[in-house]
Amino acid sequence: MTVATILGGAALPIGKIQTTADADLHNLEHELLLELVLQATEQAGVEKKDIGSIVMPLMREYTRQRYFAIFMANALGIECSGSMIEARGYGLAGGLALDLGLNEILLGRAKVALVMGANFESAIPAPVHASRSMRSTGDVDFHMPAGFIPISWYAMDAVRYMHEHGATRAEIAHVAVKNRYHASLNPLSQFRKPITVDDVLAARPIVDPLGLLEVPGRSDGVVCLVVASEDVAKATGRPYARVRGRGFQHDGSLQIDDCGGDMTAFISAQKASATAYAQAGIQAHDIDFAEVYAPCTIVEVLVSEALGFFPRGQGARGAVRGETTLGGRIPISTSGSLMSRGHPPNVTGLYNALEVFDQLTGRAGERQVKDAALGLCTSELGNYNAAMVHIMEGVQ
């Protein structure tokens, strides 16, 4: 039976990388990716001739070069005998690209595949980006005229959660403080200056009750993962992350359930994780740490409950007690999460997978989870109307 692994990975620090059209010197996506491919394949101990497939999240329309996978194959001089795929899925794109790359291994189409991408958006005018975001994530006849951006959905979730469970703004704010602490230990993070609960509560409001320090900034990122069959991984003699379980679920809605569903249950994440746990032969309490796709504080609270780490209504209080902090019972978002590590949407799922790989292979430095053996990462679409979960195990 073929087993898929992550064998190597490299990424640029998240931040403002994109250059404006009138800049004297441009940062080019393909040049940055090429450097990361060299780093990731060297770390993995594989050569160019070993690579059979290339999978990428679909690049933003802000990118001048189209069909980037075949462009990168040419730039690298790779003759693919498996597939060249570009996956479209907005926030789910990174997780979907990883999933498709793992499938190349599981289906026997390739022994080694590159899963990589770049997300450039920071130099695009804000009105252009906001319009594009609303048209991509919502209904152009309803959400867009009303000005519904993704943060709007999450803000409504926060209000509902506080109403249902008696949680306070300060309790939810602890998630942002914890994530900034984790980010301060991560050289790939966009925001690394420590913050306090008072800082979070005093920050400029974005969509009530969420403030500036509880939402992600606009950011660019570039990342490359090497996935391989376990036979290849073992032959290299290097540590790797074995993929133990995978789950996916879409609830049939577009961002907001118009049939009156539960706003704070994140049913898709519950079902996707149940599938992944069953496939891996484990339960939620067996997970040592989790890297979750959570653009806002409230999202981390809700998905931590949906994944089974806390009972309903206890996710925020768990963060207050330090259970999700490094050294706690279930460290969550050890990279700093989307709020502090940064959120280049089309590749965020790949950064999440890279963090799990780094933790499981002992490469996480100051933020290393002690005795990390089993890790979990998620990607989402919309307001968790769709979720993808991967469970990995470290092999030294």
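Residue by residue through region 211-227, note down the ones that are touching a residue at least 12 places away in the same chain (Cβ under 8 Å) and more than 17 Å from Gly9 (Cβ to Cβ). Of everything in region 211-227, those that are touching a residue at least 12 places away in the same chain (Cβ under 8 Å) and more than 17 Å from Gly9 (Cβ to Cβ) turn out to be Leu213, Glu214, Val215, Pro216, Gly217, Arg218, Ser219, Asp220.
Considering only residues that are out of contact with any Ser or Thr (no Cβ under 7 Å at 6 or more places or on another chain) and modelled with pLDDT of 80 or more, which ones fall in region 127-156?
At the first step, the residues of region 127-156 found to be out of contact with any Ser or Thr (no Cβ under 7 Å at 6 or more places or on another chain) are 127-148, 151-156.
Of everything in region 127-156, those that are out of contact with any Ser or Thr (no Cβ under 7 Å at 6 or more places or on another chain) and modelled with pLDDT of 80 or more turn out to be Ile151, Ser152, Trp153, Tyr154, Ala155, Met156.
Being exposed (fewer than 14 other Cβ atoms within 10 Å of the Cβ) and either out of contact with any Lys or Arg (no Cβ under 7 Å at 6 or more places or on another chain) or outside any loop (DSSP other than H, G, I, E, B) (or both) is the filter here; which residues of region 171-195 pass it?
Step one: filter region 171-195 for residues exposed (fewer than 14 other Cβ atoms within 10 Å of the Cβ), giving 187, 193-194.
Scanning region 171-195 gives Pro187, Lys193.
Tally the residues that are of a type in the set (A, V, I, L, M, F, W, C), farther than 14 Å from Glu393 by Cα and either surrounded by 19 or more Cβ atoms within 10 Å (Cβ to Cβ) or touching a residue at least 40 places away in the same chain (Cβ under 8 Å) (or both), restricting the search to region 228-243. The qualifying residues number 2.
Taking the criterion of being over 21 Å from Asn385 (Cβ atoms), crowded, with 23+ Cβ neighbours inside 10 Å and within 18 Å of the chain's Cα centre (by Cα), the only residue of region 288-320 that qualifies is Phe289. The C-beta contact set for region 346-375 (first residue without any contact (Cβ under 8 Å) to a residue 24 or more places away in the chain and under 16 Å from Leu188 (Cβ atoms), second residue part of a loop (DSSP other than H, G, I, E, B) and small (Gly, Ala, Ser), distance under 8 angstrom, 6+ apart or interchain) comprises Gln368/Gly362.
Condition check: part of a helix (DSSP H, G or I) and not basic (Lys, Arg). Does His143 satisfy that? Before you say what the answer is, go through the steps one by one.
Values: part of a helix (DSSP H, G or I): no; not basic (Lys, Arg): yes.
Taking the combined requirement at face value, the residue does not satisfy it.
Which one is modelled with the lowest pLDDT, of the residues in region 71-97 that are surrounded by fewer than 14 Cβ atoms within 10 Å (Cβ to Cβ) and either among the charged types (D, E, K, R) or over 19 Å from Leu34 (Cβ atoms) (or both)? Explain how you work it out, then say what you get.
Keep residues of region 71-97 that are surrounded by fewer than 14 Cβ atoms within 10 Å (Cβ to Cβ), which gives 74, 77, 79, 81, 88.
Right, trim to either among the charged types (D, E, K, R) or over 19 Å from Leu34 (Cβ atoms) (or both) and you get 79, 81, 88.
On the way: Glu79: 92, Ser81: 94, Arg88: 87.
Of everything passing the filter in region 71-97, Arg88 is modelled with the lowest pLDDT.
Condition check ((1) in contact (Cβ under 8 Å) with a residue 12 or more places away in the chain; (2) touching a Ser or Thr at 6+ places or on another chain (Cβ under 7 Å); (3) under 29 Å from Pro150 (Cα atoms)) across all residues:
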position	(1), (2), (3)
Thr19	yes, no, yes
Asp24	no, no, no
Ala69	yes, no, yes
Asn74	no, no, no
Glu104	yes, yes, no
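Only one of the listed residues (Thr275, Thr334) is buried (at least 22 other Cβ atoms within 10 Å of the Cβ) and among the polar types (S, T, N, Q). That residue is Thr334.
Considered as a group, the residues in region 106-116 that are in contact with a Ser or Thr (Cβ under 6 Å, 6 or more places away or on another chain) and not charged (D, E, K, R) include one that is nearest to Ala73 (Cα to Cα), and that residue is Ala113. The lone criterion from (1) under 30 Å from Ile391 (Cα atoms); (2) in contact (Cβ under 8 Å) with a residue 12 or more places away in the chain; (3) among the charged types (D, E, K, R) left unmet by Glu47 is number (2).
Using the structure shown, decide if Phe68 is more than 24 Å from Ala233 (Cβ to Cβ), buried (at least 24 other Cβ atoms within 10 Å of the Cβ) and aromatic (Phe, Trp, Tyr). Can you show your working first?
On the way: more than 24 Å from Ala233 (Cβ to Cβ): yes; buried (at least 24 other Cβ atoms within 10 Å of the Cβ): no; aromatic (Phe, Trp, Tyr): yes.
Taking the combined requirement at face value, the residue does not satisfy it.
Note on region 274-288: among residues that are of a type in the set (S, T, N, Q) and out of contact with any helix residue (DSSP H, G or I) (no Cβ under 7 Å at 6 or more places or on another chain), the one that is farthest from Leu92 (Cα to Cα) is Gln279. Every condition in (1) assigned to a helix (DSSP H, G or I); (2) surrounded by 20 or more Cβ atoms within 10 Å (Cβ to Cβ); (3) of a type in the set (Lys, Arg) holds for Arg246 except the one numbered (1). Within region 323-345, the set of residues being without any contact (Cβ under 8 Å) to a residue 40 or more places away in the chain and not charged (D, E, K, R) comprises Gly328 only.
For region 114-130, the set of residues classified as of a type in the set (A, V, I, L, M, F, W, C), under 16 Å from Thr19 (Cβ atoms) and assigned to a strand (DSSP E or B) consists of Ala118 only.
The values are calculated or read from the model by the stated rules, or taken from the named source; none is laboratory data. All figures in this text were calculated on a predicted structure; none of them were measured in a lab. Note that each Cβ is placed from the backbone with ideal geometry, even for glycine, and that neighbours are counted across all protein chains shown.
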